[in-house]
1. Can you pull out every residue in the stretch 39-82 that is touching a strand residue (DSSP E or B) at 6+ places or on another chain (Cβ under 7 Å), farther than 15 Å from residue 188 by Cβ and either at pLDDT 90 or above or among the aliphatic types (A, V, I, L, M) (or both)?
2. Which pairs turn up if I take residues in the stretch 170-193 that are closer than 17 Å to residue 43 by Cα and modelled with pLDDT of 90 or more and look for partners that are among the polar types (S, T, N, Q) and not in a strand (DSSP E or B) with beta carbon separation below 7 Å, at least 6 apart in sequence or on another chain?
3. Quick check: anything in the stretch 90-103 within 14 Å of residue 190 (Cβ to Cβ), modelled with pLDDT under 90 and surrounded by 12 or more Cβ atoms within 10 Å (Cβ to Cβ)?
4. Do the conditions hold for residue 117, that is, is it over 16 Å from the mean Cα position of the chain (by Cα), part of a strand (DSSP E or B), at pLDDT 90 or above and not aromatic (Phe, Trp, Tyr)?
5. I need a count of the residues in the stretch 131-141 that are surrounded by fewer than 18 Cβ atoms within 10 Å (Cβ to Cβ) and either closer than 15 Å to residue 117 by Cα or modelled with pLDDT of 90 or more (or both).
6. Looking at the stretch 124-181 only, could you name the residues that are in contact with a Cys (Cβ under 9 Å, 6 or more places away or on another chain) and in a loop (DSSP other than H, G, I, E, B)?
Amino acid sequence: MRALSMLALAVGLCGCAGASPPPPTDAAAPPPAATSQALRVAADLAAAAQAEVDADAPALTAAVTRLRNRGVQPQGPEAEASLAQWSAAAGVDPAPLRGRALGPGFQRGTLAPGEERGIEQLFFAGKPAEIALSGDTGSRLRLTLLDAKNRVVCEHDPGLGRSCRFTPLFSQRYAIEIANGGQKRATYFLVID
């Protein structure tokens, strides 16, 4: 009985978001205001990428401006190049680095059909955290978050909201895995906040 109570307490403190709202189907439309910051950033990144493909300057300017206002920081050369290219095309100066350097941050990548990619991220005990994933329209991306003992903290299959919100009980490294379950190459944006 005591073990069951401890498990219930741990699950309650974790605050894992098992049924997050699905990302918007129209990549150019910003998500509703009720969604989390990480999901809004993920949707804005997908909207910027789609606006670039569509050569839609007003939509690109709007998406880049929203990203700048949210203080989004690229993590890695591909993310830096994307944000710089979008900013230049939209005529918007990239946001200067201020405040916390670890979030919200994003990574951009591509996965071939059936390919998986994993990264590790340190999250601190008692500090709420969230990761969110967006990708090309119609992509079949899966997001999995594993703790230091390789236990699944959060998992989302294609078609469900791709966000994991949690508050770690202990400071530790977590593994974030992204997989492409589709039949075509997919571009993804991973947001860590």
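The values are calculated or read from the model by the stated rules, or taken from the named source; none is laboratory data. Please read all numbers here as calculations on a predicted model, not as lab measurements. A quick note on method: Cβ atoms are made from the backbone with ideal geometry, for glycine too, and the neighbour counts reach across all protein chains shown.
1. The initial filter retains those residues of the stretch 39-82 that are touching a strand residue (DSSP E or B) at 6+ places or on another chain (Cβ under 7 Å), namely 39, 41-43, 45-46, 49, 72-76, 78-80, 82.
Within this subset, residues satisfying the condition of being farther than 15 Å from residue 188 by Cβ are 72-73, 80.
Of everything in the stretch 39-82, just one residue is touching a strand residue (DSSP E or B) at 6+ places or on another chain (Cβ under 7 Å), farther than 15 Å from residue 188 by Cβ and either at pLDDT 90 or above or among the aliphatic types (A, V, I, L, M) (or both), namely 72.
2. Correct list of pairs: 186/139.
3. yes
4. In short, no.
5. Of the residues in the stretch 131-141, 1 are surrounded by fewer than 18 Cβ atoms within 10 Å (Cβ to Cβ) and either closer than 15 Å to residue 117 by Cα or modelled with pLDDT of 90 or more (or both).
6. 167, 168, 169
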